[in-house]
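This report concerns only the one structure given below.
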Amino acid sequence: MSHQDDDPRVRRTRRVIRDAFLELVDLRGFNAITIGEIAQRAGVNRATFYRHYADKYALVEDIYERAAAALSSELGPPGLELDAIDPEPTPAPWVQLFAHFERHAAIYRALLGKNGSAWFATRMRDSIQGALVERERQRELLPAHQGAPRQTRMPKDIAAMLIATVATGVVAWWLEHGDSYSPEQIAT
């Protein structure tokens with residue numbers, strides 16, 4: 001994080017650029033929008049845009065990194081076991097995950113929706129998969145799990161990929177269809 005991130009003017013400018021970008025993605029699609037359109041909608045000039053972001057891919061990367069950091073801090077330490085895909089009751093980390101998506105629905109709806117970014121969807125899936133694998137690795141290092149027999153029938157990395165792919169698809173579907181389901185229902 002640069003020292004400029006502490007400047008309220010920089011934060012405000014980046015926020016209006018991100019908001020304008022998300023509105024345009026939702027309206028016209030990621031591939032169709034230009035830097036000029038983003039700058040115009042944000043009420044800044046192109047030079048200001050380029051002072052903050054190299055291109056629209058850098059902007060979507062920034063949006064993704066912020067969302068991923070927020071998600072990581074909300075989920076906390078390991079506990080999201082791959083062995084517990086359909087448990088009763090639903091594990092709290094899954095509810096927290098979908099509550100995060102609900103709180104940041106505008107971002108995820110724009111970038112995962114029909115006009116969204118395939119890059120973003122792939123990055124999100126890969127990030128969820130990586131987080132699941134890492135959380136499982138950390139969980140297995142805990143004394144209570146050392147030497148415990150594996151109970152899954154498939155390798156953990158394949159289970160993580162499947163869960164991440166399904167979770168990404170479910171989030172996209174859920175946000176496209178409004179708020180007819182709660183985070184708890186989706187997590188279950």
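FYI, it's all coordinate maths here, none of it is from the lab. Remember, predicted model here, so these are calculated numbers, not experimental data. Cβ coordinates were reconstructed from backbone atoms using ideal geometry, including for glycine residues, and neighbour counts include every protein chain displayed.
Just a few scattered comments:
- Computed from backbone phi, the HN-Hα couplings of the range 109-126 come to 4, 5, 8, 9, x, 4, 9, x, 10, 4, 4, 4, 4, 5, 5, 5, 4, 5 Hz, rounded to whole numbers (Karplus: 6.51 cos²θ - 1.76 cosθ + 1.60, θ = phi - 60°; Gly and Pro given as x).
- A simple packing score, the average count of other Cβ atoms within 10 Å per residue, orders the peptides 167-176, 6-15 as 167-176, 6-15, with the highest score first.
- At R0 = 41 Å, FRET efficiency that the Cβ-Cβ distance of ARG137 and ALA106 yields, to 0.05: 0.80
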